[in-house]
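In what follows, a single structure is set out as structure tokens and then discussed.
The values are calculated or read from the model by the stated rules, or taken from the named source; none is laboratory data. Everything numeric here is computed off the predicted structure, so don't read it as measured data. Note: ideal-geometry Cβ built from the backbone for every residue, glycine included; neighbour counts use all protein chains shown.
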Amino acid sequence: MASVSFHDIEKNFGTTKVIHGISFDIKDGEFMVLVGPSGCGKSTLLRMLAGLEEISGGTIAIDGKVVNDIESKDRDIAMVFQSYALYPHMTVGDNMAFSLKLRKADAKVTAERVANAAKILNLDPYLARFPRELSGGQRQRVAMGRAIVRDPKVFLFDEPLSNLDAKLRVAMRAEIKALHQRLKTTTVYVTHDQVEAMTMADRIVVMHDGRIEQIGEPLELYDRPDNLFVAQFIGSPAMNIVSGTVRRANGGAWVEAAGGVRWPLGHTAGADGQAVAYGVRPEHLSLGGSSAVPAEIIVVEPTGAETELLVQAGEAQIVLVTHGRPVVNPGDKIGLAVDPAMVHVFDQKTGARIAA
Amino acid sequence: MKLPTLKDVTTEAKLLLIGIPVLLWTLIPVYHLFLFSISPKESAFAGKLWPDHPTLHNFEVVFGQKHYYLSHFWLQLWNSLLIAVTVGLLTLFVATCAAFAISRLKVKGGRTIMNLALFTYFIPAAFLAVPMYKTMGNYGLLNNQWALILAMVTIAAPYSIWVLKQASDKLPYELDEAARMDGATPLQLFRLVYLPLMMPSLVAIGTYALLLAWNEYLYAFLLLSNDRQITLSVALGNFLAADDSPWELLMTVGLIYALPPAAIYYAFKRYMVGGLTAGAVKS
């Protein structure tokens, strides 16, 4: 168990700078997820923490101790790789015991720890098998078992679920979360999948182009995204964004988009005439209402529990999600009711949130 | 079961049309060799498909060293074996260390070494025979079996490094990273992870170097001259020094000489097939 802190971390590959001075802290026992599109530098950051990549600038500290010049084997961290990286010539048991054997741990202690980890992960029946004889999910669990037996200060996960099929991914997601709740080991988890980030994290670091866009608890990011990037990255289906201009008149406020569509503005954000990006999540839109925005239905996608509608409002295509099963058909003219309190407004130029 | 289509049949027929002549081309000389070795001296050149009086007398002469040319048969066979095995092991050692350093530890200048290794193949081994003879003379190694061993390792190493480097590159690099994080030093990584996974390639390269040395004639002939030092291949060549060479004995020794490589190949056949790395990473 340990805290981790990144201070002003930079990374260059040759002359290309891929990480631009990142600083944040991970608390003891926290499940921190680094999320972002591919190439954002999240894996590089994790590999620098692991000691597999040189740190070009800044410091990384584990438990207050700077580890920049400490070899990865002496950092007391364990990593689960995307490709599992199991030793193919060793049995499951030997794979898990390998790190302890290298540390010349007592054979009895080793056997005990391996048995314990196998029990936690339901791998008991497979200890004598070779990795090639296991399914993808089982291999993933062996990779986790290899990390568990070491009882490290920090667990690192590098996109551990992206090689699994959709159903197994959901199951393993829950398994990793349950494991963290049980072991309470500080965990850094890298993924490009925002659903994984939302469901597993205590806190999320959203990264983009080697910079941090926002750090916060999952629902905090969802409810109050700091900028346009986070707003569009977090949430599925993604937030609807409409470009427009703030208009204030007669005590009312709205954002006027192309085609003269008026989107209601519930708060005092933005000055009259300011160019903004107007954001509203699909579930904060509903059908009907007197102050509704006129729109036309393009596609209806029922999923059982909810119905997703793609509509055309002015020049913008808008997605809305309803819990009911509205009786509508493509081509129907409808009105879009917006909950003005749930609207996000971002500066068109900088993308920064305009506070209410 | 599905009936073969016309296309399948024609493909098969074409393959057989090539395969059968090639098989005969390979097997007829071997059969000829065998025929000589079981024929009495008088009828060795009778030109029959099977001798009238097949005999094992030739083997008795060879194994009993009962001929002038065969007075050191067992010693020379042992020389061949010793030199071939030493060359195999030394080449493996040199090439494995080089491949590991270049491919896994990514030492600086690795690319240059690979290019140099490839470059040596522009020069035929025969061109180097005289310089090699001179060099060994300078070191006072002439007529010493180490001269032949070192020369053969020199010839076998570049190709071996090249092949092993290619094979190493195919091992997933995450395995090294996982082992490093598990606490392995480079030597432990080499011994506990790299060597076991490279085993099929190592056996293949070891066999290659061993057989190269076993079959070598030119360098063995140049560098060794004493009857007690030479390999069996040189001894075989010496048979032809006389006007009436004992062909049936020459062929018998030849047949015996051809057996160990065949046995080695058969024994290590299963290693030559890959598949050990299955299950390491998701591909």
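Checking A:ARG182 against (1) surrounded by fewer than 17 Cβ atoms within 10 Å (Cβ to Cβ); (2) of a type in the set (Lys, Arg); (3) more than 21 Å from A:ILE77 (Cβ to Cβ), which test does it fail?
Of everything listed in (1) surrounded by fewer than 17 Cβ atoms within 10 Å (Cβ to Cβ); (2) of a type in the set (Lys, Arg); (3) more than 21 Å from A:ILE77 (Cβ to Cβ), A:ARG182 misses just condition (3).
Go through the range A:53-71 residue by residue and tally those that are surrounded by fewer than 20 Cβ atoms within 10 Å (Cβ to Cβ) and within 14 Å of another protein chain (Cβ to nearest Cβ).
4
What are the residues in the range B:71-100 that are in contact with a Gly (Cβ under 8 Å, 6 or more places away or on another chain) and closer than 30 Å to B:ASN238 by Cα, if any?
At the first step, the residues of the range B:71-100 found to be in contact with a Gly (Cβ under 8 Å, 6 or more places away or on another chain) are B:88-89, B:91-92.
B:GLY88, B:LEU89, B:THR91 - these are the residues of the range B:71-100 that are in contact with a Gly (Cβ under 8 Å, 6 or more places away or on another chain) and closer than 30 Å to B:ASN238 by Cα.
Please tell me if B:PRO158 is on the phi < 0 side of the Ramachandran plot, within 14 Å of another protein chain (Cβ to nearest Cβ) and not in a loop (DSSP other than H, G, I, E, B). Walk me through it before giving the result.
Numbers: on the phi < 0 side of the Ramachandran plot: yes; within 14 Å of another protein chain (Cβ to nearest Cβ): no; not in a loop (DSSP other than H, G, I, E, B): yes.
So B:PRO158 does not fit the description; no.
Which residues, taken from the range B:197-234, are farther than 19 Å from B:VAL85 by Cα and either free of Cβ contacts under 8 Å to residues at least 40 places away in the same chain or buried (at least 21 other Cβ atoms within 10 Å of the Cβ) (or both)?
We begin by selecting, within the range B:197-234, every residue farther than 19 Å from B:VAL85 by Cα; these are B:197-198, B:222, B:225-227.
Matches in the range B:197-234: B:LEU197, B:MET198.
From A:ARG139, A:ARG173, grab the single residue that is buried (at least 18 other Cβ atoms within 10 Å of the Cβ), touching a residue at least 24 places away in the same chain (Cβ under 8 Å) and within 14 Å of chain B (Cβ to nearest Cβ).
On the way: A:ARG173 fails: within 14 Å of chain B (Cβ to nearest Cβ).
When all the criteria are applied, what remains is A:ARG139.
Select from the range B:131-167 the residues that are closer than 16 Å to B:LEU105 by Cβ and surrounded by fewer than 21 Cβ atoms within 10 Å (Cβ to Cβ) and list them in ascending order. Working first, answer last.
Taking the range B:131-167 first, the residues closer than 16 Å to B:LEU105 by Cβ are B:161, B:164-165, B:167.
Result: B:ALA167, single match.
Out of all the residues in the range A:289-300, is one or more at pLDDT below 85 and within 16 Å of A:SER243 (Cβ to Cβ)?
Step one: filter the range A:289-300 for residues at pLDDT below 85, giving A:289-292.
The next check asks that each one be within 16 Å of A:SER243 (Cβ to Cβ); those that pass are none.
No, the range A:289-300 contains no residue that is at pLDDT below 85 and within 16 Å of A:SER243 (Cβ to Cβ).
Filter the range B:230-255 down to the residues that are at pLDDT 85 or above and aliphatic (A, V, I, L, M) and list them by number.
Hits for the range B:230-255 are B:ILE230, B:LEU232, B:VAL234, B:ALA235, B:LEU236, B:LEU249, B:LEU250, B:MET251, B:VAL253, B:LEU255.
Looking at this structure, is A:ASP94 acidic (Asp, Glu), in contact (Cβ under 8 Å) with a residue 12 or more places away in the chain, assigned by TED's automatic domain parsing to the domain that holds A:LYS153 and more than 30 Å from A:THR16 (Cβ to Cβ)? Steps first, please.
On the way: acidic (Asp, Glu): yes; in contact (Cβ under 8 Å) with a residue 12 or more places away in the chain: no; assigned by TED's automatic domain parsing to the domain that holds A:LYS153: yes; more than 30 Å from A:THR16 (Cβ to Cβ): yes.
It is false that A:ASP94 is acidic (Asp, Glu), in contact (Cβ under 8 Å) with a residue 12 or more places away in the chain, assigned by TED's automatic domain parsing to the domain that holds A:LYS153 and more than 30 Å from A:THR16 (Cβ to Cβ).
Quick one: would you say B:SER43 is without any contact (Cβ under 8 Å) to a residue 40 or more places away in the chain, farther than 30 Å from B:ALA204 by Cβ and of a type in the set (Gly, Ala, Ser)? If you could, list the steps in order and put the result at the bottom.
Working: without any contact (Cβ under 8 Å) to a residue 40 or more places away in the chain: yes; farther than 30 Å from B:ALA204 by Cβ: yes; of a type in the set (Gly, Ala, Ser): yes.
Against the criterion (without any contact (Cβ under 8 Å) to a residue 40 or more places away in the chain, farther than 30 Å from B:ALA204 by Cβ and of a type in the set (Gly, Ala, Ser)), B:SER43 qualifies.
Among the candidates A:ASP25, A:ASP74, A:ASP69, single out the residue that is within 18 Å of the chain's Cα centre (by Cα), without any contact (Cβ under 8 Å) to a residue 60 or more places away in the chain and either closer than 27 Å to A:ASP151 by Cβ or outside the structural domain of A:LYS104 (by TED's automatic domain parsing) (or both).
Matching residue, one of A:ASP25, A:ASP74, A:ASP69: A:ASP25.
So in the range A:102-127, with the set limited to residues that are surrounded by fewer than 16 Cβ atoms within 10 Å (Cβ to Cβ) and charged (D, E, K, R), which one is farthest from the other protein chains (Cβ to nearest Cβ)?
By that ranking, first place goes to A:LYS119.
Identify the residue in the range B:59-80 that is among the aliphatic types (A, V, I, L, M) and closer than 14 Å to B:ARG228 by Cα and, among all such residues, is surrounded by the fewest Cβ atoms within 10 Å (Cβ to Cβ). Spell out how you get there, then give the answer.
First pass over the range B:59-80, keeping only residues among the aliphatic types (A, V, I, L, M): B:61-62, B:70, B:75, B:77.
Among the residues that remain, those that are also closer than 14 Å to B:ARG228 by Cα are: B:70, B:75, B:77.
Numbers: B:LEU70: 20, B:LEU75: 16, B:LEU77: 18.
Top of the filtered list is B:LEU75.
Checking the condition loosely packed, with under 12 Cβ neighbours inside 10 Å, in contact with a strand residue (DSSP E or B) (Cβ under 6 Å, 6 or more places away or on another chain) and in a strand (DSSP E or B), which residue from A:VAL319, A:VAL311, A:VAL299 passes?
Numbers: A:VAL319 fails: loosely packed, with under 12 Cβ neighbours inside 10 Å; A:VAL311 fails: loosely packed, with under 12 Cβ neighbours inside 10 Å.
Just one listed residue meets the conditions, A:VAL299.
Can you tell me how many residues in the range A:171-191 are touching a Lys or Arg at 6+ places or on another chain (Cβ under 8 Å) and part of a loop (DSSP other than H, G, I, E, B)?
So the count comes out to 1.
Just name the residue that is nearest to A:ALA105 (Cα to Cα) out of those in the range A:143-170 that are surrounded by 18 or more Cβ atoms within 10 Å (Cβ to Cβ) and charged (D, E, K, R).
If we take residues in the range A:143-170 being surrounded by 18 or more Cβ atoms within 10 Å (Cβ to Cβ) and charged (D, E, K, R), then A:ARG150 is nearest to A:ALA105 (Cα to Cα).
I'm trying to understand the selection: among the residues of the range B:94-117, which are within 30 Å of B:TRP214 (Cβ to Cβ) and either in contact with a strand residue (DSSP E or B) (Cβ under 8 Å, 6 or more places away or on another chain) or exposed (fewer than 13 other Cβ atoms within 10 Å of the Cβ) (or both)?
Keep residues of the range B:94-117 that are within 30 Å of B:TRP214 (Cβ to Cβ), which gives B:94-103, B:113-117.
Hits for the range B:94-117 are B:ASN115, B:LEU116.
Check off (1) farther than 28 Å from B:MET199 by Cβ; (2) of a type outside the set (Val, Ile, Thr); (3) without any contact (Cβ under 8 Å) to a residue 24 or more places away in the chain for A:GLU159 and give me the number that stays unchecked.
(3)
When only residues in the range B:173-217 that are over 18 Å from A:TYR84 (Cβ atoms) and not in a helix (DSSP H, G or I) count, which is nearest to the other protein chains (Cβ to nearest Cβ)?
Once the filter is applied, the top-ranked residue is B:GLY183.
Residue under question is A:GLY324, and the condition is that it be assigned by TED's automatic domain parsing to the domain that holds A:VAL242, part of a loop (DSSP other than H, G, I, E, B), over 28 Å from the mean Cα position of the chain (by Cα) and of a type outside the set (Lys, Arg); does it hold? Before you say what the answer is, go through the steps one by one.
On the way: assigned by TED's automatic domain parsing to the domain that holds A:VAL242: yes; part of a loop (DSSP other than H, G, I, E, B): yes; over 28 Å from the mean Cα position of the chain (by Cα): yes; of a type outside the set (Lys, Arg): yes.
Here the answer is yes, as A:GLY324 does meet what is asked.
Checking B:MET181 against (1) in contact with a helix residue (DSSP H, G or I) (Cβ under 8 Å, 6 or more places away or on another chain); (2) farther than 23 Å from A:THR91 by Cβ: exactly one of these is not met. Which one?
The failed condition is (2).
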